[in-house]
Amino acid sequence: MTPNGTDKLPLKVALLGCGVVGTEVVRILTTRADDLAARVGAPLEIAGIAVRRAGRERDIAVDPALITTDAQALVSRGDLDLVIEVIGGLEPARGLILTALEHGASVVTANKALLAEDGPTLFAAAEKYQRDLYFEAAVAGAIPILRPLRESLAGDDVTRVMGIVNGTTNYILDKMDSTGAGFDEALEEAQALGYAEADPTADIEGFDAAAKAALLASLAFHTRVSIADVHREGITDVSATDIASARAMGCVVKSLAICELDEATDSVSARVYPAMIPQSHPLASVRDAYNAVFVESKAAGQLMFYGRGAGGAPTASAVLGDLVSAARNRLKEVPGVGESSYTQRAVRPMGAAMTRYHVSLDVADKAGVLAAVAQAFAEHDVSIQTVRQEGRGGDAQLVVVTHTATDAALSTTVETLRDMDIVREVSSVMRVEGD
């Protein structure tokens, strides 16, 4: 019997990266070793930690003998059972994961960008070598959303996944709504609190959320969706006026990742952009830097997953959950559930997506303007739900909310409005979702 209460030899675990998340993973593996061993059925032994700089001070004591700067040599050892990859980026992460799988280790990764870019290559390798490739931590931090999609809802038909999957953008939009702050001010506050990087491009321009949307769509609809298939818009153009307009409609502005199945054409779509949603929608109440994912399926109906979407401890929680599952499978020498892409559905272009628009127009204050604007919408087969005029004279503004139409028809309508003499400016265009 081992000191951990099992009669199994330790499973050897290698860690690639020891930053914020990696440090927390090491802490949990060390401080909760006995508990994890009982859950797995065998001890988990840290066999090596690959880092960029060996001499760097870390927040947790690590045996110097475990530290190496040669990640390739570490994953090529051949005696590893499990490899955790938390270095991020495309390379060298891709090559290291493939090498680890080739040399017999199952892999747990938090690398959403790599999976969204080249997931099929990694999944094919995992299947070839009969090893697990788990990635719960790649989407929404501690929130268990990927495993429910992959396993709990495996017997159901998911029709829609809509979520707030980036804590930085949610924090910024929430502060703009609750305090009246402008975008730049809210971004600076997010950076000061550590919610946003010094270079926040991946978050505020939607790249991070788009990678997560690709993974969600792939799992939900059993088809391969890459980040190139995801329509992406950031939040940099969201103004205080947009926030106020949403409030006037009983809505809030959220940056949403939306994945949908169109049964009529048996195709899927995935998109990321800021949109107005009704205050009555469950996602509207998601505040601060939290994440939430709203799932709709035929049998289960509507499901909501909510929690912390980033940070060392929340992400490490997801990593350790995958690690325990992969370790159990390794003891049985049977891989768990792998990639499911049997449907091979086509991915619809953004123009075919069905949505609604909220359009604000600065217009000339004279007779016939409303009729001319309404005619422009009618010419593109877009029905108007509501319209109101604000201001007079040089400050006259029309606010139009449409019924559902294709995004292509709505976009073309807006371009037509921009070319009209009576329209001084199309001051704001935002989609409306969540009805």
Pairs with Cβ under 8 Å, 6+ apart, first in the range 54-79 and within 14 Å of residue 12 (Cβ to Cβ), second part of a loop (DSSP other than H, G, I, E, B) and not hydrophobic (A, V, I, L, M, F, W, C): 75/103; 76/103; 77/103; 78/103; 78/104
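Residue by residue, here is whether (1) modelled with pLDDT of 95 or more; (2) in contact with a Ser or Thr (Cβ under 9 Å, 6 or more places away or on another chain) holds:
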position: 340; (1), (2): no, yes
position: 358; (1), (2): yes, yes
position: 389; (1), (2): no, no
position: 392; (1), (2): no, no
position: 395; (1), (2): no, no
position: 408; (1), (2): yes, no
Boolean, residue 338 is outside the structural domain of residue 43 (by TED's automatic domain parsing), surrounded by 12 or more Cβ atoms within 10 Å (Cβ to Cβ) and in contact (Cβ under 8 Å) with a residue 60 or more places away in the chain: yes
So residue 19, is it within 21 Å of residue 137 (Cβ to Cβ), of a type outside the set (A, V, I, L, M, F, W, C) and either in the same structural domain as residue 133 (by TED's automatic domain parsing) or without any contact (Cβ under 8 Å) to a residue 24 or more places away in the chain (or both): yes
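Please enumerate the residues belonging to the range 212-224 that are touching a Gly at 6+ places or on another chain (Cβ under 9 Å) and more than 13 Å from residue 165 (Cα to Cα).
Of everything in the range 212-224, those that are touching a Gly at 6+ places or on another chain (Cβ under 9 Å) and more than 13 Å from residue 165 (Cα to Cα) turn out to be 218, 224.
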The lone exception for residue 202 - which of (1) surrounded by 15 or more Cβ atoms within 10 Å (Cβ to Cβ); (2) touching a residue at least 12 places away in the same chain (Cβ under 8 Å); (3) over 27 Å from residue 338 (Cβ atoms) it fails: (2)
Listing of helices (runs of 4 or more DSSP H) fully contained in the range 1-111 that carry 1 or more residues being more than 29 Å from residue 212 (Cα to Cα): 20-31, 33-40, 71-75
Residues of the range 404-435 satisfying the condition of being among the small types (Gly, Ala, Ser) and closer than 24 Å to residue 162 by Cβ: 405, 408, 409, 411, 428, 434
Near pairs, Cβ below 6 angstrom, 6+ apart or cross-chain, from the range 152-173 (modelled with pLDDT of 95 or more) to any residue that is part of a strand (DSSP E or B) and of a type in the set (Asp, Glu): 159/296; 160/260; 160/296
Filter pass, residue 396 being out of contact with any strand residue (DSSP E or B) (no Cβ under 7 Å at 6 or more places or on another chain) and of a type outside the set (Phe, Trp, Tyr): no
Selection within the range 174-196 - within 28 Å of residue 146 (Cα to Cα) and in contact with a helix residue (DSSP H, G or I) (Cβ under 7 Å, 6 or more places away or on another chain): 190, 195, 196
Residue check for residue 36: within 19 Å of residue 332 (Cβ to Cβ), buried (at least 16 other Cβ atoms within 10 Å of the Cβ) and in the same structural domain as residue 130 (by TED's automatic domain parsing): yes
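Of everything in the range 44-65 that's among the hydrophobic types (A, V, I, L, M, F, W, C) and more than 25 Å from residue 314 (Cβ to Cβ), which residue is modelled with the lowest pLDDT?
Filtering the range 44-65 for residues that are among the hydrophobic types (A, V, I, L, M, F, W, C) and more than 25 Å from residue 314 (Cβ to Cβ), the one modelled with the lowest pLDDT comes out as 54.
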Complete set of residues in the range 60-106 that are small (Gly, Ala, Ser) and in contact with an Asp or Glu (Cβ under 7 Å, 6 or more places away or on another chain): 93, 105, 106
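Every residue, every condition in (1) free of Cβ contacts under 8 Å to residues at least 24 places away in the same chain; (2) at negative phi, yes or no:
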position: 144; (1), (2): no, yes
position: 180; (1), (2): no, no
position: 192; (1), (2): yes, yes
position: 195; (1), (2): no, yes
position: 208; (1), (2): no, yes
Helices (runs of 4 or more DSSP H) contained entirely in the range 201-305, each with at least 3 residues that are over 17 Å from the mean Cα position of the chain (by Cα), modelled with pLDDT under 95 and β-branched (Val, Ile, Thr): none
One residue from 338, 351 being within 30 Å of residue 14 (Cβ to Cβ), of a type outside the set (Val, Ile, Thr) and within 32 Å of the chain's Cα centre (by Cα): 338
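The values are calculated or read from the model by the stated rules, or taken from the named source; none is laboratory data. Computed from a prediction, not measured in an experiment: that's the story for all the values here. Every residue, glycine as well, gets a Cβ built from its backbone with ideal geometry; the counts of neighbours run over all protein chains shown.
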